[in-house]
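The values are calculated or read from the model by the stated rules, or taken from the named source; none is laboratory data. Keep in mind that what you see is a predicted model, and the values were worked out from it rather than measured. Neighbour counts run over all protein chains shown; Cβ positions are idealised from the backbone, glycine included.
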Amino acid sequence: MSTDQLHGLTSRVPAILVVEDEPVLLHLTAENLKDRGYSVREAETAVKAAEELRNAVIDVAFVDVNLPGLMGGLTFAVWLHAQYPNIPVILTSGMKSIPATLKGVGAVPFVQKPYDIEELTQLIEEALGRY
């Protein structure tokens, strides 16, 4: 029995919500993050992402800026911060840049597509407070 178990503590794997409308990129990112030891939830739209947030504990959200539907990634990030202020958001896009701050959210980390999984992992670890 581990020391954590003796003290009634259990280690929980951090859960990452990946919100990406490109299916291949969504699954590839999810698999890469799982290979790095994270639990991953997937969503193709902001609506599906909101459902995941209601149904699971999420530690970090990784969100594409250009999502289909009525709520794009930037709007979703603002909504997520308002509803779940303790969940850090990391944004991604094929665009070279996005606004460095979002109204009501503040500074949001951004990684440009195509991104390096090591760079994304480092941003996740920073968001989790591990750096």
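Here's the yes/no breakdown for (1) modelled with pLDDT under 95; (2) of a type in the set (Lys, Arg); (3) within 18 Å of Ala127 (Cβ to Cβ):
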{"residue": "His7", "(1), (2), (3)": "yes, no, no"}
{"residue": "Ile16", "(1), (2), (3)": "no, no, yes"}
{"residue": "Val24", "(1), (2), (3)": "no, no, no"}
{"residue": "Ser39", "(1), (2), (3)": "no, no, yes"}
{"residue": "Ala50", "(1), (2), (3)": "no, no, no"}
{"residue": "Arg54", "(1), (2), (3)": "no, yes, no"}
{"residue": "Ile58", "(1), (2), (3)": "no, no, yes"}
{"residue": "Gly69", "(1), (2), (3)": "yes, no, no"}
{"residue": "Thr75", "(1), (2), (3)": "yes, no, no"}
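Just for the range 104-131: of the residues that are assigned to a loop (DSSP other than H, G, I, E, B) and touching a helix residue (DSSP H, G or I) at 6+ places or on another chain (Cβ under 7 Å), which one is modelled with the highest pLDDT?
First, pick out the residues of the range 104-131 that are assigned to a loop (DSSP other than H, G, I, E, B): 104-105, 108-109, 113-116, 128-131.
With touching a helix residue (DSSP H, G or I) at 6+ places or on another chain (Cβ under 7 Å) added as a condition, the list becomes 104-105, 108-109, 131.
Working: Gly104: 64, Val105: 69, Val108: 82, Pro109: 88, Tyr131: 55.
Within the range 104-131, the match that is modelled with the highest pLDDT is Pro109.
Met95 versus (1) within 21 Å of Val108 (Cα to Cα); (2) at pLDDT 95 or above: which is the lone unmet condition?
(2)
Scan the range 50-65 and give yes if some residue there is surrounded by fewer than 17 Cβ atoms within 10 Å (Cβ to Cβ) and farther than 25 Å from Ser11 by Cβ, otherwise no. Write out each step before concluding.
Taking the range 50-65 first, the residues surrounded by fewer than 17 Cβ atoms within 10 Å (Cβ to Cβ) are 51, 54-57.
Cutting the leftovers down to farther than 25 Å from Ser11 by Cβ gives us 51.
Checking the range 50-65: at least one residue is surrounded by fewer than 17 Cβ atoms within 10 Å (Cβ to Cβ) and farther than 25 Å from Ser11 by Cβ.
Among (1) within 13 Å of Leu80 (Cβ to Cβ); (2) surrounded by 14 or more Cβ atoms within 10 Å (Cβ to Cβ), which single condition is Arg36 missing?
(1)
Out of (1) under 14 Å from the mean Cα position of the chain (by Cα); (2) of a type outside the set (Lys, Arg); (3) on the phi > 0 side of the Ramachandran plot, the odd one out for Glu42 is which?
Exception for Glu42: condition (3).
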